[in-house]
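**Q** Have a look at this one.
The values are calculated or read from the model by the stated rules, or taken from the named source; none is laboratory data. Only a predicted model underlies this, so the values are computations on that prediction, with no experimental measurement involved. A quick note on method: Cβ atoms are made from the backbone with ideal geometry, for glycine too, and the neighbour counts reach across all protein chains shown.
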Amino acid sequence: MCSNYDACTSTERLRLHFGVELPAGVNLRKDVWPAYQAPFVRRHPNADVGDDAVPPRESLVGLFGMVPHWSGDVAFGRRTYNARSETVAEKPSFRDAWRNGQHCIVPVEAIYEPDWRSGSAVPTRIQRKDGHPIGIAGLWTSNRKATGEELLSFTMLTINADDHELFKHFHKPQDEKRMVVILHEHQYDEWLKAPAAKSMDFMRQYPAHLLISTPDPDRGKKKR
């Protein structure tokens, strides 16, 4: 599971690795926790009109933690920042976005997980070994009930990682091991365009040898 990450907010890196730019005038913090504002990438709603001036993807800003259309509470997103692939189609918080194929990519520089191998939780930074940002498969939604205006929010999809060479080391020994769904670059447009019936095809583990982890014991001491 992932509740804390460093967002990819660099204009240059978003353009180079995701083909998008942040909306004008947006000022975002890099350190993201549930209910914080952060960027996500989705397929442009007019991408299929045949106009070369319309980009295939767009970057928007939303809350990390899904606030479903029927919820009147923005704080709802504090417990819906991750969606289990095994139950996402049935859970009321996520099922509409899943069934409607509201796919997005969460652009991330690194995620943080607790390593319990020493007997206590050591915050650990996980990033791509090649230095490129991580594209995490997610779902997005729109809500007007919570604030009276359009509120965008998103969640990260997760899968079992009991046998993953890296992610099996995180969280308490008795807990199920989970990991976010990290996409390969060639899958970005495939994921954003995929119909709901094909969503499960992307729920796969990312190879451990393409990732690197670094202990960051001071992470939990930083002010949110």
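**Q** Assess whether residue 123 counts as being touching a strand residue (DSSP E or B) at 6+ places or on another chain (Cβ under 6 Å) and surrounded by fewer than 19 Cβ atoms within 10 Å (Cβ to Cβ). Steps first, please.
**A** Details: touching a strand residue (DSSP E or B) at 6+ places or on another chain (Cβ under 6 Å): yes; surrounded by fewer than 19 Cβ atoms within 10 Å (Cβ to Cβ): yes.
Against the criterion (touching a strand residue (DSSP E or B) at 6+ places or on another chain (Cβ under 6 Å) and surrounded by fewer than 19 Cβ atoms within 10 Å (Cβ to Cβ)), residue 123 qualifies.
**Q** Hey, can you tell me all the residues within the range 4-16 that are surrounded by 18 or more Cβ atoms within 10 Å (Cβ to Cβ) and not charged (D, E, K, R)? Steps first, answer last, please.
**A** Here is the first cut: in the range 4-16, the ones surrounded by 18 or more Cβ atoms within 10 Å (Cβ to Cβ) are 4-9, 14.
Within the range 4-16, 4, 5, 7, 8, 9, 14 meet the criteria.
**Q** In addition: Please work out which one of (1) at pLDDT below 95; (2) surrounded by 13 or more Cβ atoms within 10 Å (Cβ to Cβ); (3) over 21 Å from residue 118 (Cα atoms) is the condition residue 219 fails and give its number.
**A** Checking residue 219 against (1) at pLDDT below 95; (2) surrounded by 13 or more Cβ atoms within 10 Å (Cβ to Cβ); (3) over 21 Å from residue 118 (Cα atoms), the one that fails is (3).
**Q** What's the total number of residues in the range 69-107 that are over 24 Å from residue 56 (Cβ atoms) and either in contact with a helix residue (DSSP H, G or I) (Cβ under 7 Å, 6 or more places away or on another chain) or of a type outside the set (Asp, Glu) (or both)?
**A** Final tally of qualifying residues: 24.
**Q** For the range 134-177, enumerate the residues that are touching a residue at least 60 places away in the same chain (Cβ under 8 Å), assigned to a loop (DSSP other than H, G, I, E, B) and within 30 Å of residue 214 (Cα to Cα).
**A** The answer is 171, and nothing else.
**Q** Right, here's the next one. Would you list the strands (runs of 3 or more DSSP E) that sit entirely within the range 26-94 and hold 2 or more residues that are of a type in the set (Lys, Arg)? Break it down stepwise before answering.
**A** Numbers: elements: 37-43, 57-64, 82-84.
Hits in the range 26-94: 37-43.
**Q** Give the number of residues within the range 76-120 that are among the aliphatic types (A, V, I, L, M) and free of Cβ contacts under 8 Å to residues at least 12 places away in the same chain. First the steps, then the outcome.
**A** Within the range 76-120, the subset among the aliphatic types (A, V, I, L, M) is 83, 88-89, 97, 105-106, 108, 110-111.
When the remaining residues are screened for being free of Cβ contacts under 8 Å to residues at least 12 places away in the same chain, the result is 89.
Within the range 76-120, residues that are among the aliphatic types (A, V, I, L, M) and free of Cβ contacts under 8 Å to residues at least 12 places away in the same chain number 1.
**Q** Here is a further query. Can you tell me which residue among 74, 122, 88, 108 is of a type in the set (A, V, I, L, M, F, W, C) and farther than 25 Å from residue 41 by Cβ? Steps first, answer last, please.
**A** Details: 74 fails: farther than 25 Å from residue 41 by Cβ; 88 fails: farther than 25 Å from residue 41 by Cβ; 108 fails: farther than 25 Å from residue 41 by Cβ.
Sole residue among the options that is of a type in the set (A, V, I, L, M, F, W, C) and farther than 25 Å from residue 41 by Cβ: 122.
**Q** Quick check on my filter: what residues within the range 50-90 are surrounded by fewer than 14 Cβ atoms within 10 Å (Cβ to Cβ) and acidic (Asp, Glu)?
**A** 51, 52, 73, 86, 90
**Q** How many residues does the range 121-133 hold that are of a type in the set (Lys, Arg) and part of a strand (DSSP E or B)?
**A** Taking the range 121-133 as the starting set, the residues that turn out to be of a type in the set (Lys, Arg) are 125, 128-129.
Adding the requirement that they be part of a strand (DSSP E or B) leaves 125, 128.
Summing the residues that are of a type in the set (Lys, Arg) and part of a strand (DSSP E or B) in the range 121-133 gives 2.
**Q** Out of curiosity, is residue 208 of a type in the set (Gly, Ala, Ser) and touching a Lys or Arg at 6+ places or on another chain (Cβ under 6 Å)? Steps first, please.
**A** On the way: of a type in the set (Gly, Ala, Ser): yes; touching a Lys or Arg at 6+ places or on another chain (Cβ under 6 Å): no.
So residue 208 does not fit the description; no.
**Q** In the range 178-224, how many are assigned to a loop (DSSP other than H, G, I, E, B) and of a type in the set (Asp, Glu)? Show your work before the answer.
**A** From the range 178-224, those assigned to a loop (DSSP other than H, G, I, E, B) are 181, 184, 194-195, 203-207, 216-218, 222-224; that's our starting set.
Right, trim to of a type in the set (Asp, Glu) and you get 216, 218.
Residues flagged as assigned to a loop (DSSP other than H, G, I, E, B) and of a type in the set (Asp, Glu) within the range 178-224 amount to 2.
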